[in-house]
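Peer 1: My questions will all concern the structure given below.
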């Protein structure tokens, strides 16, 4: 495997997964899981109501108090495309940057990367896809062309010692192409890993995956990318997220993306849910005895805060239930 | 209030997906299944026990007219579901929603190959059920003394005695009896419930002649961790093939818990169409896991349920 110099965020060392060997069936689980909180970016990006900058900053600051170690803060995209993220510079500059916590931001191209670094970003993310049609519809180019754009970001990031996380969308299905082959996911993941991304987050963008397709996809990807560098980003659109995450954990994945209060609907299916709720994920991990470092109560309080601000109901079942047990 | 429509239903409200059901598609036999379930150690076939008309409606605030109940059950009978729990022969004073139990039992179409169990909390309910044409009954125990007291006003031991009367009569009449154990993963009053207690109550019910024991996570607090521990304890007393799981989705854990159970070899899963039935112990919380979501998962795993999801919707 090509060994592009891979930059790990400084904090990653302490969180290197102490994962069990190949898990079987109900077998072993990682001892620790890193939860990557994407609410302020992926979550809010898919919310109808534009959230004022001070609210975004408060949200991120509250999340910083929960024990989460990675909080995706914003996206340096053009406000023309994503109005919700128009205040990316203000947000980046306004948040408390708590030592030990990473605040990655999305940077779709070199321009965004430069703006991000100027605003103080210390980690960035790039977004690929396992579907040609999705890439075309989303960013108006082919997968190959998108990776070329990213290589510019990678070069600049390397020069600036900034770690880069890679996302692969549509890993278990595409709203336009339908089924996506696991081999394609593995191919795109391998390319992004080879380019120097320290971690590849595999996204079930429309939530159609099941434990069956998750297992098949991961089996292929794990042939190309070490499991320690893999994350799963499951959407709960079909209610499958936690089951899919469970399977990923059983296969040795120890990084899971989630969104506080399950913020962010599914733009492809009106009324459907989107991101899996961080509260529900942490509840499950707690029940499995897996260490996350996250204070569930503080997390729920943060979810309550942002839902009130958005004037919407939480998507987190744990928050809805809030029975003490 | 209390019902959260299944995630699937919301998603399919989008026109584009309705025209091209990319993700619902064919049941596993026809579809290109992700993997062979046997190779992955999963059951080849999972029996779904549809509890919507009873457990679901029982926990809905709005009283549903009898003819609607009958229509619901008749439609469910056509989906390929092998078991549809019809109603409950309890006193209408306690459960007004089930007051029309006789009319429902007599009014439904009985499809060959489909079982129509009913709840019978005591001998009186049992006789009433038989008179109305029931051919299978269920009894409801609990792994928690407090829950038993609060729910049916007697201790676990006393409730077992009542069920034994039912089981005895049922045996004489060749009527199969299914046993439920509530609070298998936690109790709204007692909190944590030991797996040993669940195993003990399950064993009582199994010994008295229940052909199947449905282990219920009544308030949905269970996780794959507690599900595994509980099943390990119960599996020491009851054969795997006689076990079912009845997971509530109150904390969003149901599918993960069900997956854990089927990975351990459980092959019977209770669920409720459209996720009917909120949680009476947590206002606004969801309750039963939605049958559609369970079948979606099982289809994706290549597991047969003999069901066509379109009819369920």
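The values are calculated or read from the model by the stated rules, or taken from the named source; none is laboratory data. If you're wondering where the values come from, they're calculated on a predicted model, not measured in any experiment. Positions of Cβ are backbone-derived with ideal geometry, glycine not excepted, and every protein chain shown enters the neighbour counts.
Peer 1: Can you name every residue in the stretch B:88-98 that is in a loop (DSSP other than H, G, I, E, B) and at pLDDT 95 or above?
Peer 2: B:89
Peer 1: Within the stretch B:77-85, can one find any residue that is under 17 Å from the mean Cα position of the chain (by Cα), in a helix (DSSP H, G or I), farther than 20 Å from residue B:173 by Cβ and touching a residue at least 24 places away in the same chain (Cβ under 8 Å)?
Peer 2: For the stretch B:77-85, residues under 17 Å from the mean Cα position of the chain (by Cα), in a helix (DSSP H, G or I), farther than 20 Å from residue B:173 by Cβ and touching a residue at least 24 places away in the same chain (Cβ under 8 Å): present.
Peer 1: Does residue A:265 satisfy the criteria of being touching a residue at least 40 places away in the same chain (Cβ under 8 Å), outside any helix (DSSP H, G or I), within 14 Å of chain B (Cβ to nearest Cβ) and surrounded by fewer than 24 Cβ atoms within 10 Å (Cβ to Cβ)?
Peer 2: yes
Peer 1: Looking at the stretch A:307-323 only, could you name the residues that are on the phi < 0 side of the Ramachandran plot, touching a helix residue (DSSP H, G or I) at 6+ places or on another chain (Cβ under 9 Å) and either within 11 Å of chain B (Cβ to nearest Cβ) or in a helix (DSSP H, G or I) (or both)?
Peer 2: Matches in the stretch A:307-323: A:307, A:309, A:310, A:313, A:314, A:315, A:316, A:317, A:318, A:319.
Peer 1: Considering only residues that are in contact with a helix residue (DSSP H, G or I) (Cβ under 9 Å, 6 or more places away or on another chain) and over 20 Å from residue B:48 (Cβ atoms), which ones fall in the stretch B:201-219?
Peer 2: Selection gives B:201, B:202, B:203, B:204, B:205, B:206, B:208, B:209, B:219.
Peer 1: Going by what's in this entry, would residue B:273 be described as under 27 Å from residue B:162 (Cβ atoms) and either in contact with a helix residue (DSSP H, G or I) (Cβ under 6 Å, 6 or more places away or on another chain) or away from chain A (no Cβ under 14 Å) (or both)?
Peer 2: No; evaluated as a whole, the condition is false for this residue.
Peer 1: Now for a separate question. Looking only at the stretch A:150-161, decide whether some residue is touching a residue at least 40 places away in the same chain (Cβ under 8 Å), surrounded by fewer than 21 Cβ atoms within 10 Å (Cβ to Cβ) and either within 14 Å of chain B (Cβ to nearest Cβ) or outside any helix (DSSP H, G or I) (or both).
Peer 2: yes
Peer 1: Taking the condition in contact (Cβ under 8 Å) with a residue 12 or more places away in the chain, touching a helix residue (DSSP H, G or I) at 6+ places or on another chain (Cβ under 9 Å) and within 30 Å of residue A:281 (Cβ to Cβ), does residue B:184 pass?
Peer 2: When the stated conditions are applied, residue B:184 passes them.
Peer 1: Of the residues B:277, B:284, which is farther than 15 Å from residue B:182 by Cα, at pLDDT below 95, touching a strand residue (DSSP E or B) at 6+ places or on another chain (Cβ under 6 Å) and not in a strand (DSSP E or B)?
Peer 2: After applying the criteria, what remains is B:277.
Peer 1: Could you tell me which numbered condition residue A:36 fails, if it satisfies all but one of (1) modelled with pLDDT of 90 or more; (2) over 30 Å from residue B:263 (Cβ atoms); (3) crowded, with 17+ Cβ neighbours inside 10 Å?
Peer 2: Result: residue A:36 fails condition (2) only.
Peer 1: If a residue has to be surrounded by fewer than 21 Cβ atoms within 10 Å (Cβ to Cβ) and on the phi < 0 side of the Ramachandran plot to count, how many in the stretch B:258-275 make the cut?
Peer 2: Total satisfying the criteria: 2.
Peer 1: When the residues of the stretch B:220-257 are narrowed to those that are farther than 23 Å from residue B:51 by Cα, more than 7 Å from chain A (Cβ to nearest Cβ) and in contact with a helix residue (DSSP H, G or I) (Cβ under 6 Å, 6 or more places away or on another chain), which ends up surrounded by the fewest Cβ atoms within 10 Å (Cβ to Cβ)?
Peer 2: Ranking the candidates gives B:229 first.
Peer 1: Please go through the stretch A:282-306 and give me each residue that is more than 9 Å from chain B (Cβ to nearest Cβ) and within 20 Å of the chain's Cα centre (by Cα), ordered by number.
Peer 2: Passing the criteria: A:282, A:291, A:292, A:293, A:294, A:295, A:296, A:299, A:300, A:302, A:303, A:306.
Peer 1: Same structure again: Right, residue B:61: more than 14 Å from every other protein chain (Cβ to nearest Cβ), under 20 Å from the mean Cα position of the chain (by Cα), outside any strand (DSSP E or B) and modelled with pLDDT under 85 or not?
Peer 2: yes
Peer 1: Now a separate question. Given A:180, A:200, A:245, which one is away from chain B (no Cβ under 14 Å) and either surrounded by 24 or more Cβ atoms within 10 Å (Cβ to Cβ) or within 26 Å of residue A:150 (Cα to Cα) (or both)?
Peer 2: After ruling out the rest, the residue left standing is A:200.
Peer 1: Given the options A:222, A:217, A:251, name the one that is within 11 Å of chain B (Cβ to nearest Cβ), at negative phi and either crowded, with 24+ Cβ neighbours inside 10 Å or touching a residue at least 24 places away in the same chain (Cβ under 8 Å) (or both).
Peer 2: On inspection, the qualifying residue turns out to be A:217.
Peer 1: Does residue A:141 satisfy being within 19 Å of the chain's Cα centre (by Cα) and over 26 Å from residue A:303 (Cα atoms)?
Peer 2: No.
Peer 1: Quick check on my filter: what residues within the stretch A:181-214 are over 22 Å from residue A:165 (Cα atoms) and touching a helix residue (DSSP H, G or I) at 6+ places or on another chain (Cβ under 8 Å)?
Peer 2: Once the filter is applied, which keeps residues that are over 22 Å from residue A:165 (Cα atoms) and touching a helix residue (DSSP H, G or I) at 6+ places or on another chain (Cβ under 8 Å), the stretch A:181-214 yields A:209, A:210, A:211, A:212, A:213.
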